[in-house]
Amino acid sequence: MTNSIMKKSFIALLGMLFSTMLWAHGGAAGTDTDQCKFELEPEHWIHYTAYQPLSYPAEDFCGNIPDTGTLTQLVFDYQDVRYRNRAVEFEVTKEPEGKRVFFQAAKKHKSGTVVLKLPNGVPEPGKYLIHITLKGAAGENLDAHMSFVAGKGMATSSSSLFMYALFLLAGLYVLYLSHAGFKEKVDKLLNKAKDA
């Protein structure tokens, strides 16, 4: 009975692990599910991802960028085709002083994806603000802002800790199924816990 419950629980955990719906950025309206979005207008967004390919080639970042002084790429994706015909201006400032560390004049990006390369990243640890301005006719501009913190190093996220714990449990379960001595010890512990 216990073995059957454990097997079903393990299969359910594996199903959740490989479910794309759980690990996807989107899926619902608003920024509650995706902290890497700029809201331009209600229900209209620009998605943002940061990369530091020289320091962390397989990682992407959002609100926390680990290093300073290294190549940093900021990638923006329009999630609405109508914005692709508008020129967009980008600026990154050090906060709270508002010192400009990067600027790109307004231009159109027909593909819907913009990659900004900051060859030396940001100069020092601290808080930064990304300003995006979509230029409109007759001065009807759309402005959006998003902050990030740089220079705190690579911290282990709670989702990474969950993944490590899940893999540890999966490994222990495989050991339980394949090693008779380990299975016997675990079964004794479970029986003692039931009797207590």
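Since every read-out is calculated from the coordinates, none of them should be taken as a lab result. Treat the numbers as computed from the prediction; the structure is a model and nothing was measured. Every residue, glycine as well, gets a Cβ built from its backbone with ideal geometry; the counts of neighbours run over all protein chains shown.
How big is the charge dipole of segment 99-196 about its Cα centre, in debye rounded to the nearest 20, if each Lys and Arg gets +1 on its Cβ and each Asp and Glu gets -1 on its Cβ?
Charge dipole of segment 99-196: 300 debye, to the nearest 20.
Quick check on the exposure proxy: order Phe90, Phe167 from fewest to most C-beta atoms within 10 angstrom. Please list the in-between numbers first.
On the way: Phe90 18, Phe167 11.
Final ranking by Cβ density, sparse to dense: Phe167, Phe90.
Around Phe102, which amide H atoms from residues at least 5 apart in sequence, or from another chain, sit under 5 Å from its own amide H, with H modelled in the peptide plane?
Those qualifying (amide H under 5 Å, at least 5 residues apart or on another chain) are Val92.
Note the per residue figure in Å³ for the convex hull of the C-alpha positions in segment 59-109. Can you show the working numbers first?
On the way: hull volume 6.3 nm³, N = 51.
Expressed per residue, the convex hull around the Cα atoms of segment 59-109 is 124 Å³.
Count the lysine pairs in segment 40-160 whose Cα atoms lie under 21 Å apart, taking only pairs 8 or more positions apart in sequence or on different chains.
14
On alpha carbon coordinates alone, what is the Rg over Rh value for segment 35-150, Rh being the Kirkwood radius? Don't jump to the answer; show the numbers that get you there.
Numbers: Rg = 13.8 Å, Rh = 14.5 Å.
Radius of gyration relative to Kirkwood radius: 0.96.
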